[in-house]
Structures are given as structure tokens and as C-alpha cells.
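Each remark here refers to the structure printed beneath this line.
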Amino acid sequence: MIWAYCKSSDADKVNKVKALLKLIPEKEYRPWLNVLLIKLYAHENCLEEMDNAINEAFEYETTVTTTGIMRSIIIAYFWSNAIEGLEKLTRHSVFAGWRIGYSLYHSKLVMYGSQKNLREMQNVLEEMDSINIRRTMKTLWITYKAYWSCGQGSMVLKILGQMFKHGHEVSIDAFPS
């Protein structure tokens, strides 16, 4: 029944799911249910409930390996501009064996770039390097745009150099004048 409500388009499905959850004994942990709840709360933008479900998953060592669920979580944090939640998720996910992908780091880069927090953005790049996630063209473009918007011409040229080094094509318009 909970699964059916999670998949439905009912406007009040979160409250209906919460009511059904009260019928389940608390001591019985079901990993599949927890992951389903994480996805539901992410889609419904219920960050507090999502954080609680994520923390419970970490506590019971439930591993989330599905790209779609991770993207749902990342999107919920991104649209709510909750960089702290995204940082916490990243730290715990690496050690818990959760699916780590480019969208997680790219979201952090975009969020820090939009805040013009270049130091934290650089920390994200170093974090990617430390767990052997290579810099893609998208990664480089995100950093390029952030440095460009902050007027960091020398860093823009450095990023363009990295693009050339990795064989990416760059338009002549990308160069600062």
C-alpha cells in the first residue's frame, strides 16, 4: 500500500504514507522501505524527512546504489539551495558505499560557483581528485563559468588550458579579451 501511494499522483500522499507507517512496528527496519521513503521525500521536497530517512539508512548501513534515487536526493538539495545537506551526504556516501556520481559534485560546484565561493569550489575539485573522479568537460565548463563570473582571468586561462590538455574543443569566444 505504501509503495502504491509513493507511485501515485495523490496530492496528499506524504501524509497518507506517514499514516500507514504508524501501522508498522518501529523495531522492524526494512531497507527497501527506507529507500522508497527517501525517494518520496526527495520528490515531494520534504528535506527534513528526507534527511531523517537518509540518516536512518546510514545508521542501518543501507546502501543506495541506484542512480535515479541519488539524483532525486541531489536535485532536492540543489533546488532548496541546501549546500550543507549536500556536503553531509557527500561525506557519508563515500564511506557508506553509496552511488557517487558526477551529478553530486557538479551540483556542489554550481552551488558554490553561484555563491562566488571559489575556495569551497576548489575544495570540491580536490575532493574529486582524492577519490579518483576525473574532471570531465562539464566539470571544466562549470568551473570556467564560475571563474569567469568572478572576473578571475588567470584561472579562466588555466581552466582553458586543462580543456586543451584533455583534448576538448573550445570556441575562440571562450577566451577572455
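Readers should treat all values here as calculations from the given coordinates under stated rules, not as data from a laboratory. Since this is a predicted model, take the numbers as computed values, not measurements. All Cβ positions, even for glycine, are placed from backbone atoms using ideal geometry, and neighbour counts span all protein chains on display.
General remarks:
- When residue 32 is tested against (1) surrounded by 12 or more Cβ atoms within 10 Å (Cβ to Cβ); (2) in a helix (DSSP H, G or I), exactly one condition is not met: (1).
- Of all residues in the range 91-135, those satisfying the criterion of being under 16 Å from residue 71 (Cβ atoms) and of a type in the set (S, T, N, Q) are 93, 103, 107.
- Within the range 112-170, considering residues that are closer than 21 Å to residue 91 by Cα and of a type in the set (A, V, I, L, M), the one farthest from the chain's Cα centre (by Cα): 118
- Failed item, numbered, when residue 27 is tested on (1) closer than 22 Å to residue 82 by Cα; (2) assigned to a loop (DSSP other than H, G, I, E, B): (1)
- Just one of (1) buried (at least 19 other Cβ atoms within 10 Å of the Cβ); (2) within 25 Å of residue 140 (Cα to Cα); (3) touching a Lys or Arg at 6+ places or on another chain (Cβ under 7 Å) fails for residue 64. It is (2).
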